[in-house]
Amino acid sequence: MSSAASTSHLLPVFARADVAFERGEGVWLHGTDGERYLDFTSGVAVNSLGHCHPHLVEALQQQATRLWHMSNLFKSPDGERLAARLCEQSFADKVFFANSGAEAMECALKMARHYHFSKGNPERTRIITFEGAFHGRTLGTLAATGSAKYLEGYGEPLSGFDQVPLGDIEAVKKTIGPNTAAILIEPLQGEGGVRSPEVAFFRALRELCDQHGLLLIFDEVQTGMGRTGELFAYKRIGVTPDLMSLAKALGGGFPIGACLASAEAATGMAPGSHGSTFGGNPLAVASANAVLDVMLKPGFFDHVKKISLLLKQKLAGVVDRFPKVLSEVRGEGLLIGLKAVVPSTDLVAALRDQKLLTVGAGDNVVRLLPPLIVSEAEIEEAVTRLEQACTVLSGQAVQREAV
């Protein structure tokens, strides 16, 4: 361990790579080591418009000269505008602003329970979730996630969640009972290994919710804001939820989360039923409005879809050439997963050695999450670096076999 690491006052909850960055521009990061890195992590699907996008920089600088914080005890014209734009682009009628994805999810969980309470059914509190999910790090969202590795050491998980296998509609039907309030699912699992069931499964969930009076919650913290090629992934699937959480890319790098709800799902939410000190912060709202300015311009999502197709085609070729290293390409839009044959941590490290930054996921998958503004030339460069990393790892695999 280096002396810097041993004397750090940061809580050691992150396994940090031994590299730091001093500035970024577009898809590139400049390290304190003097090297230039191709960023296909995007802060884990956060920097959707790349680093230091001029429109976002201008919006934040202008807002910083006006107002940094204002209590939610007062009106928020800019917050109203952002909420109206999100509703205009989605199924939603109401929006609650938070600071993170976990907070946005907490709001969705509370709203689902409060909905049934307001209807005279306070016993309906249980929420069905799916294996491989990731919904956040609070005690509530950890319980919804249901993974032992995240829950260990924190006592009894918060009650009220029933987890079933992803894609098993019969298991969902058997789990629905008189105390069920909602079904919670990610349109495409990110942390869980870039996995998604068939579209028919989502349609069946919608039908079950309508049949039993349940709310359908989509966790779009990672898939939302263009990551899968549409502004929201539910549009690609063609199934509309009642509640939806957003965060990550919503502020383009500035922390902001949002919980979107239909008017019906928001029934019963009144002054005092939920709140946040910093939710809807003026700086965060200015950033999110600037992100929407860029994403809603004609052709933006056409570019994402075009680049996605190019990337997936090229990755398929790399998988074919390096079967000892890679086995599969997964994902939609620019939420792409490479299923590894070698340990995924080895692949992430080898790619970092080639100055290509990626992020691991469950199921031995490595995620490629480039900014949505990535160019064809930058895709070509990333694939070249991937091939170089695979060449190194493939050689190591051959050596191990020889031994």
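The values are calculated or read from the model by the stated rules, or taken from the named source; none is laboratory data. Since the structure is predicted, the reported quantities are computational estimates derived from the model, not experimental observations. Virtual Cβ from ideal backbone geometry, glycine too; neighbours counted across all protein chains shown. To get the accessible areas, we keep the full protein, side chains included, count just its heavy atoms, and leave off ligands, DNA and RNA. Shrake-Rupley method; radii C 1.70, N 1.55, O 1.52, S 1.80 Å.
Couple of notes before you dig in:
- Only one of K306, K339 that is of a type outside the set (A, V, I, L, M, F, W, C), modelled with pLDDT of 95 or more and part of a helix (DSSP H, G or I): K306
- The sole residue among L310, L334, L283, L292 that is in contact with a helix residue (DSSP H, G or I) (Cβ under 7 Å, 6 or more places away or on another chain) and crowded, with 22+ Cβ neighbours inside 10 Å is L334.
- Note on the stretch 213-269: among residues that are of a type in the set (V, I, T) and not in a helix (DSSP H, G or I), the one that is most open to solvent (accessible area, probe 1.4 Å) is T240.
- Test for E186: is it in contact (Cβ under 8 Å) with a residue 12 or more places away in the chain, touching a His at 6+ places or on another chain (Cβ under 9 Å) and closer than 29 Å to M295 by Cβ: yes
- Checking Q189 against (1) open to solvent by less than 40 Å² (accessible area, probe 1.4 Å); (2) among the polar types (S, T, N, Q); (3) over 19 Å from the mean Cα position of the chain (by Cα), the condition it does not meet: (3)
- For S71, the conditions (1) modelled with pLDDT of 95 or more; (2) farther than 27 Å from G26 by Cα; (3) part of a loop (DSSP other than H, G, I, E, B); (4) of a type in the set (S, T, Y) are fulfilled apart from (1).
- Filter pass, T175 being over 14 Å from the mean Cα position of the chain (by Cα), at pLDDT 95 or above, open to solvent by 20 Å² or more (accessible area, probe 1.4 Å) and of a type in the set (S, T, Y): yes
- Of all residues making up the stretch 163-172, the number that are in a helix (DSSP H, G or I) and either open to solvent by less than 70 Å² (accessible area, probe 1.4 Å) or hydroxyl-bearing (S, T, Y) (or both): 3
- Flag for A64 being buried (at least 19 other Cβ atoms within 10 Å of the Cβ) and modelled with pLDDT of 95 or more: no
- Of all residues assigned to the stretch 378-387, none qualifies as being of a type in the set (D, E, K, R), open to solvent by 10 Å² or more (accessible area, probe 1.4 Å), at pLDDT below 95 and assigned to a helix (DSSP H, G or I).
- Sole exception among (1) at pLDDT below 95; (2) over 18 Å from the mean Cα position of the chain (by Cα); (3) not aromatic (F, W, Y) for T141, by number: (2)
- Restricting the stretch 131-159 to residues that are free of Cβ contacts under 8 Å to residues at least 24 places away in the same chain, surrounded by 16 or more Cβ atoms within 10 Å (Cβ to Cβ) and not aliphatic (A, V, I, L, M) leaves a set whose member that is nearest to G362 (Cα to Cα) is S147.
- Figure legend. Inter-residue proximity from the stretch 237-259: first residues farther than 11 Å from A288 by Cβ, second residues assigned to a strand (DSSP E or B) and of a type in the set (S, T, Y), beta-carbon distance below 7 Å, spacing 6+ or different chains. Indicated pairs: C259/S245.
- Some residue of the stretch 155-162 being more than 20 Å from V221 (Cα to Cα), in contact with a Gly (Cβ under 8 Å, 6 or more places away or on another chain) and either part of a strand (DSSP E or B) or not β-branched (V, I, T) (or both): yes
- Condition check for Q396 on (1) at pLDDT 95 or above; (2) open to solvent by 30 Å² or more (accessible area, probe 1.4 Å): one failure, at (1).
- Considering residues of the stretch 77-110 that are among the small types (G, A, S) and farther than 24 Å from V294 by Cβ only, the residue most open to solvent (accessible area, probe 1.4 Å): A102
- When residues of the stretch 337-355 are limited to those that are buried (at least 19 other Cβ atoms within 10 Å of the Cβ) and among the small types (G, A, S), the one nearest to G192 (Cα to Cα): G337
- Residue under evaluation R23, criteria (1) within 24 Å of Y150 (Cα to Cα); (2) loosely packed, with under 15 Cβ neighbours inside 10 Å, criterion not met: (1)
- Annotation for the stretch 196-207: at least one member residue is open to solvent by 10 Å² or more (accessible area, probe 1.4 Å), among the small types (G, A, S), over 29 Å from V44 (Cα atoms) and modelled with pLDDT of 95 or more.
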